[in-house]
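Engineer: Structure incoming, see below.
The values are calculated or read from the model by the stated rules, or taken from the named source; none is laboratory data. Just so it is clear, the structure is predicted and the values come from calculations on it, not from any experiment. For neighbour counting, all protein chains shown are included, and Cβ atoms are generated from backbone atoms with ideal geometry for every residue, glycine included.
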Ligand code: BG6
């Protein structure tokens, strides 16, 4: 069986070698192997390819490595995997030990694998899923061994840990490859539902004219997680919620909500507008940031007894542009919270007069009343709701809250939806940078965040299963967060 067949109008990809650092890690298991497998099944992989896993510790023979990948697919891949498909995939898998000090065997293996591929081959894809401290030395090794030559280099967040380290990492990367070879991956940008924010804004005459400070009162980007750190203590102790989620995912979502219409919807157009927006993002004020740590975090295996690492962040951001002046952007995320959700809420100003009686509300507007809101649910099953007031059926002219809802899956019969990582891995192979961030964007975001890194508020304890520290619940006063009450 060929590894793939071209599907629809998707360009055919040249055969190539894919090298995965962190091949036995959590991300590879949950997302990368299932992602490549599903792309192969969808006809979106090159006609032929090889995947070489790499890392400091060998998982054993190639067959033992394949067994591990098979376990990952059984747990996180499709449940109807056939023997034929598995053979096609596993025949292309191997593992080679490498480290920052020694990448020669790996370089030899990459060249040998490329020699096995027929026809003109495409740029090798090198995926760096390694801890921040290992990133620079690994990049050095890729340069010295020649593995980086012509490669598409996929770099996982957090892209440094502050302004100086982000700059240093970017310099190191630029010593070895051109910016156009680098794909800084932020999987939130690959989520179908995140891209729907752009579609809503720029393709619909109903929303485009009101997307500004004259009509919008506030924005909330709320990503509570019910999960704890799930055994990722060493990553989490070095990173924390602020670097893990805010500097990357949540501020990138803010970018989609707030950027100006790009000249074109391509990499250059979006990059230019994101950069302008991030320039206008006011450096965060530590007084408007609440950090939290869930009770019991210090008892997690691998966590320091007196760890000050935050597992929760809520903050207010401001965008100093003509469009957004005066509109607060509230961001919240944390582990071990009451619910797992990914919600972007855009709240609209009220009409100038209240003419109707509204169920559950007094005749004069009260601070806690919820105005019209557009709510994007960024789940695997994306939904968009527009909350309105409408007449309650009956003899009196009384209004009540109601919603117009778009269920994206139900609206479009064909389900060709790709999971975020699948979409982005495919984009890397196409050489499409549209949903990836460039060096200067990352450096600017670290600048915006630096005041909090320099002067972080002390993390406040919160109960597991709650909505975080009390002060965070009150941050978007007077209305409060849409979740959980606005559901
Ligand atoms: C990852 C973070 O990048 O994103 C995790 O490291 C977080 O801590 C995850 O749980 C959330 O992603 P998703 O797609 O499950 O919302």
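Engineer: Do we find that residue 185 is within 16 Å of the ligand (Cβ to nearest atom) and more than 30 Å from residue 126 (Cβ to Cβ) in this structure?
Structural biologist: Criteria not met by residue 185.
Engineer: Considering every residue within the stretch 361-381, establish whether at least one is surrounded by fewer than 10 Cβ atoms within 10 Å (Cβ to Cβ) and modelled with pLDDT of 90 or more.
Structural biologist: Looking for residues that are surrounded by fewer than 10 Cβ atoms within 10 Å (Cβ to Cβ) and modelled with pLDDT of 90 or more, one finds none in the stretch 361-381, hence no.
Engineer: Residues that are closer than 18 Å to residue 436 by Cβ and in contact (Cβ under 8 Å) with a residue 24 or more places away in the chain: which strands (runs of 3 or more DSSP E) entirely in the stretch 67-170 hold 3 or more of them?
Structural biologist: Fully inside the stretch 67-170 and qualifying: 125-128, 152-156.
Engineer: Among the residues of the stretch 203-220, are any away from the ligand (no atom under 12 Å from the Cβ), modelled with pLDDT of 95 or more and within 17 Å of the chain's Cα centre (by Cα)?
Structural biologist: Yes, the stretch 203-220 has at least one match.
Engineer: Is there any pair with a first residue in the stretch 315-339 that is within 13 Å of residue 284 (Cβ to Cβ) and touching a residue at least 40 places away in the same chain (Cβ under 8 Å) and a second that is within 16 Å of the ligand (Cβ to nearest atom) and in a strand (DSSP E or B) whose Cβ atoms are under 6 Å apart and which are 6 or more apart or on different chains, and what are they?
Structural biologist: 315/331; 331/221
Engineer: For residue 194, work out the one condition from (1) in a loop (DSSP other than H, G, I, E, B); (2) within 16 Å of the ligand (Cβ to nearest atom) it doesn't fulfil.
Structural biologist: (1)
Engineer: Still on this model: Return yes when residue 396 is over 23 Å from residue 196 (Cα atoms), without any contact (Cβ under 8 Å) to a residue 60 or more places away in the chain and either over 25 Å from the mean Cα position of the chain (by Cα) or away from the ligand (no atom under 16 Å from the Cβ) (or both) and no when it is not.
Structural biologist: Considered against the rule, which asks whether it is over 23 Å from residue 196 (Cα atoms), without any contact (Cβ under 8 Å) to a residue 60 or more places away in the chain and either over 25 Å from the mean Cα position of the chain (by Cα) or away from the ligand (no atom under 16 Å from the Cβ) (or both), residue 396 comes out as yes.
Engineer: Still on this structure, please answer the following. Would you pick out the residues in the stretch 230-239 that are closer than 18 Å to residue 133 by Cβ and near the ligand (Cβ under 10 Å from one of its atoms)?
Structural biologist: Those that are closer than 18 Å to residue 133 by Cβ and near the ligand (Cβ under 10 Å from one of its atoms): 232, 235, 236, 239.
Engineer: Checking residue 164 against (1) within 24 Å of residue 236 (Cα to Cα); (2) away from the ligand (no atom under 15 Å from the Cβ); (3) crowded, with 20+ Cβ neighbours inside 10 Å, which single condition isn't satisfied?
Structural biologist: (3)
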